[in-house]
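The values are calculated or read from the model by the stated rules, or taken from the named source; none is laboratory data. Note that the coordinates shown come from a computational prediction; the quantities given were computed from them, not determined experimentally. Every residue, glycine as well, gets a Cβ built from its backbone with ideal geometry; the counts of neighbours run over all protein chains shown. Accessible surface is based on the protein model in full, side chains and every heavy atom, while ligands, DNA and RNA are left aside. Shrake-Rupley method; radii C 1.70, N 1.55, O 1.52, S 1.80 Å.
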Amino acid sequence: MYIFDLDGTITDTNGLWAEVDREFLARRGLEPDMEYQKVVERSIYPIAARFTRDYYRLADTPEEIMAEWDELAERHYRELAGLKPGAGALLEQCWREGRPMALFTACRPALCRLALERFGLLELFDHIVYAEEVGLEKWDPRCFVELSRRIGARPEKCVLFDDNPDNCATARKAGMEAVGVYDAYYANRQDELRGVCSRYVRSLEELVK
């Protein structure tokens with residue numbers, strides 16, 4: 001089973017979330033710092049919202065925070081965000097070859113579907129699994145064990161394509177193979193990404209035949 005991440009792997013949307021964070025906090029006269037960014041970039045939506053509320057001592061509820069994030073991000077996923085080079089061609093190639101594919105993302109379900117429908121990719125996946133529905137963050141190996149259960153494929157039969165070094169390392173711990181995909185958001189961690197993956201590509205175009 002080929003398992004693809006969305007943000008930063010299929011869609012060029014990692015930087016979008018940094019913009020959402022900045023705009024959300026700017027509305028409150030605040031700005032993100034390194035500690036905040038480090039936590040929220042690896043958290044699933046509900047945990048990130050609770051952390052944001054507590055870290056900045058906001059009066060907003062986590063539900064209100066998530067709704068505002070959705071509002072800020074929706075237009076990007078619906079109209080602006082692009083595909084990573086080679087992503088569409090690789091997914092279509094895998095589909096033509098009859099390879100079973102799953103999407104595993106920390107993105108909000110509605111936003112994810114907006115992007116997939118926009119690019120005509122929704123029907124290519126046999127499974128779409130959302131980390132927030134699993135209830136575990138991607139850096140937790142149990143998350144990938146549960147993922148394999150949900151998609152009906154043993155971890156050793158799965159290959160994860162992901163741009164995040166933490167996610168790739170965790171998938172390896174769970175018994176999966178990992179292919180690291182370059183994204184500018186993690187440009188300063190590429191040696192780390194190479195080190196935890198069985199294969200590394202600067203672009204998914206390298207995998208298109």
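Tabulated results
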read-out: Translational D in µm²/s for the range 100-192 (Stokes-Einstein at 37 °C, 0.692 mPa s, Kirkwood Rh from C-alpha pairs); value: 238 µm²/s
read-out: 18 Å cut-off, amide nitrogen to a point 7 angstrom out along ARG199 Cα→Cβ, residues in the range 1-22; value: 1-6, 9-10
read-out: Carbon/sulfur fraction of accessible area - the range 1-98, other protein chains in place, 1.4 Å, %; value: 49 percent
read-out: Two-site FRET efficiency, ARG149 against GLU117, from Cβ-Cβ distance with R₀ of 41 Å, rounded to 0.05; value: 0.90
read-out: Descending principal axes extents, the range 33-96, alpha-carbon based, whole Å; value: 49, 23, 19
read-out: Charge dipole of the range 33-149 about the Cα centre (unit charges at C-beta), most positive-ward option of LEU103, GLY135, GLY86; value: GLY86
read-out: The chain: Cα Rg divided by the 2.2 N^0.38 Å rule of thumb; value: 0.99
read-out: Computed lengthening from VAL208 to PHE51, 0.36 nm per intervening residue step minus Cα-Cα distance; value: 52.5 nm
read-out: 10 °C / 1.306 mPa s Stokes-Einstein diffusion coefficient of the range 70-125, Kirkwood radius on C-alpha pairs, µm²/s; value: 132 µm²/s
read-out: Long-range HN-HN contacts of ASP60 with modeled amide H, under 5 Å; value: none
read-out: Sequence of TRP95, TRP69, TRP139, TRP17 when ordered by accessible area, the most exposed leading, probe 1.4 angstrom; value: TRP95, TRP139, TRP17, TRP69
read-out: Computed E for GLU31/LYS173 - FRET, C-beta separation, R0 35 angstrom, nearest 0.05; value: 0.55
read-out: Top positive-direction residue, dipole computed over the chain with Cβ charges, set PRO155, ALA18, SER203; value: PRO155
read-out: The range 1-122 shape via C-alpha gyration tensor axes, a/c threshold 1.5; value: prolate
read-out: Placed amide H near LEU83: partners under 5 Å, 5+ positions off or other chain; value: ASP12
read-out: Long-range lysine pairs (8 or more apart or interchain), the chain, Cα under 26 Å; value: 10
read-out: Cut-off under 5 Å, modelled amide H: who pairs with CYS158 long-range; value: GLU177
